[in-house]
1. Give the number of residues within the range 27-41 that are exposed (fewer than 11 other Cβ atoms within 10 Å of the Cβ) and not hydrophobic (A, V, I, L, M, F, W, C).
2. Would a scan of the range 22-29 turn up a residue that is among the small types (G, A, S) and either closer than 24 Å to I66 by Cα or in a helix (DSSP H, G or I) (or both)?
3. Would you mind finding the one in L17, L35 that is without any contact (Cβ under 8 Å) to a residue 24 or more places away in the chain, in contact with a helix residue (DSSP H, G or I) (Cβ under 7 Å, 6 or more places away or on another chain) and not charged (D, E, K, R)?
4. Look through Q4, Q67 and report the one residue that is surrounded by 11 or more Cβ atoms within 10 Å (Cβ to Cβ) and part of a helix (DSSP H, G or I).
5. Residue by residue through the range 20-32, note down the ones that are in contact with a Leu (Cβ under 9 Å, 6 or more places away or on another chain) and in contact (Cβ under 8 Å) with a residue 24 or more places away in the chain.
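Taken together, the values in this text are just the output of simple stated rules run on the coordinates, not laboratory data. For clarity, every value in this text was computed on a predicted model and none was experimentally measured. Methodologically, a virtual Cβ is constructed for each residue, glycine included, from the backbone with ideal geometry; neighbour enumeration extends over all protein chains shown.
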Amino acid sequence: MKKQDFGNLKTGSTSDLEKKIGQLEKEKTDALIELRMGKAKNVHCLKQIKKDIAKVKTILNAKIFIQKSTDDHEKTETGKEKNASS
């Protein structure tokens, strides 16, 4: 994948990222099978796919972390407002 593709993934939703991870996992499995059968000409392809999976998972985890932190922040803000009005 190119850097531009990762830039597009950063703006996508978490479901898009999960779909991309599934697609890359399938590519990894196919590349591993071809490598074991001796059909693969590019033996470095598998390593690059693993790196791409790690990059997408990193983006996904960052999105989930940000989403949770904003949810927690909103909960504490509403809790403070309730306490102040009591």
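1. Residues meeting the conditions: 4.
2. Yes, the range 22-29 has at least one match.
3. After ruling out the rest, the residue left standing is L35.
4. Step by step, each of Q4, Q67 is checked, and only Q67 is surrounded by 11 or more Cβ atoms within 10 Å (Cβ to Cβ) and part of a helix (DSSP H, G or I).
5. K20, I21, K28 - these are the residues of the range 20-32 that are in contact with a Leu (Cβ under 9 Å, 6 or more places away or on another chain) and in contact (Cβ under 8 Å) with a residue 24 or more places away in the chain.
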